[in-house]
Amino acid sequence: MGRKSILAQWGITGKELTELVDQNPSLRGILLGYVAEKKFQDNYLSHPGITSVQKDDDHVRSMKGDRRIVYKGQTFLIEVKSLQTNMVRNLGNDRWQGKAQVDASDSRTITLPDGTTMKTTCLLRGEFDILAVNCFAFGEKWRFAFALNADLPPNTFKKYTEYQRRYLLPSLIPIEWPLNPPFTDKLIKLLKRLVKRSS
């Protein structure tokens, strides 16, 4: 006998869960984030060139990446993030504008190459290989935008020094649909670029 659905386990209806999600944006964000990771894995990581897919422990801060994959014998980290729903604009004709939230869930202490430390929620340039942005908020369709970490825009927050900004990614990154560089919907194309760079 199969395991009961979460609705049956908790004794609530689908309608009640929907109401809870609608009433609690933080709950919606958490659930959508994990659903997005599953949709990303199901839709993009079954390529024959990808021979291993792992999910790192969320609680180990030193291991940053929602999926650790092996492609063409090389290991790459992919960070899956979502759009800030309240910043999404519908421009009509399936054209959209928004901002991807690209930061850690909480503040942490990081060490920069010169040995200095700082506390921040910003992610580091080079900390993962590819950013995968869940664009579900663009018309409620499961589609993703991908960019190399190295191609993401610089951090411009004046609170940080010029040196710090060089190594920190911005917390919010503009994104449009249809996609513009550095974003693409072709994950394998980016993986091929990474393999070529390291060869």
Within the set of pairs 6 or more residues apart or between chains, which connect a residue that is within 12 Å of Leu148 (Cβ to Cβ) inside the stretch 181-199 to a residue that is in a helix (DSSP H, G or I) and modelled with pLDDT of 95 or more with Cβ atoms less than 8 Å apart?
Pro181/Asp151; Pro182/Asp151; Thr184/Leu190; Leu187/Tyr44
Identify all residues within the stretch 106-125 that are loosely packed, with under 12 Cβ neighbours inside 10 Å and in contact (Cβ under 8 Å) with a residue 24 or more places away in the chain; write none if there are none.
Pro113, Asp114
Is it true that Leu83 is hydrophobic (A, V, I, L, M, F, W, C) and free of Cβ contacts under 8 Å to residues at least 12 places away in the same chain?
no
Only one of these is surrounded by 14 or more Cβ atoms within 10 Å (Cβ to Cβ), aliphatic (A, V, I, L, M) and out of contact with any strand residue (DSSP E or B) (no Cβ under 7 Å at 6 or more places or on another chain): Leu27, Leu17. Name it.
Leu17
Condition check for Glu19: at pLDDT 95 or above and more than 26 Å from Cys122 (Cα to Cα)
yes
Taking the residues in the stretch 90-128 that are more than 13 Å from the chain's Cα centre (by Cα) and of a type in the set (D, E, K, R) as candidates, determine which candidate is nearest to Arg165 (Cα to Cα).
Arg125
Go over the candidates Arg166, Arg143, Arg197, Arg193 one by one and state the one that is in contact with a Cys (Cβ under 6 Å, 6 or more places away or on another chain) and charged (D, E, K, R).
Arg143
Given the structure, is Ala145 part of a helix (DSSP H, G or I), without any contact (Cβ under 8 Å) to a residue 60 or more places away in the chain and within 27 Å of Arg197 (Cβ to Cβ)?
no
Among (1) assigned to a loop (DSSP other than H, G, I, E, B); (2) at pLDDT 95 or above; (3) in contact with a Phe, Trp or Tyr (Cβ under 6 Å, 6 or more places away or on another chain); (4) not aliphatic (A, V, I, L, M), the one test that Glu79 misses
(1)
Options Asp66, Asp103, Asp94, Asp129: the member that is surrounded by 13 or more Cβ atoms within 10 Å (Cβ to Cβ) and at pLDDT 95 or above:
Asp129
By residue number, the members of the stretch 99-140 that are of a type in the set (D, E, K, R) and more than 22 Å from Leu27 (Cβ to Cβ) are Arg108, Asp114, Lys119, Arg125, Glu127, Asp129
Unmet criterion (only one of (1) assigned to a helix (DSSP H, G or I); (2) loosely packed, with under 11 Cβ neighbours inside 10 Å) for Pro48
(1)
I'd like to know if the stretch 169-186 contains one or more residues that are in contact with an Asp or Glu (Cβ under 9 Å, 6 or more places away or on another chain), charged (D, E, K, R) and either surrounded by 14 or more Cβ atoms within 10 Å (Cβ to Cβ) or at pLDDT 95 or above (or both).
no
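The values are calculated or read from the model by the stated rules, or taken from the named source; none is laboratory data. Because the structure is a prediction, the values reported are computed rather than measured. Note that each Cβ is placed from the backbone with ideal geometry, even for glycine, and that neighbours are counted across all protein chains shown.
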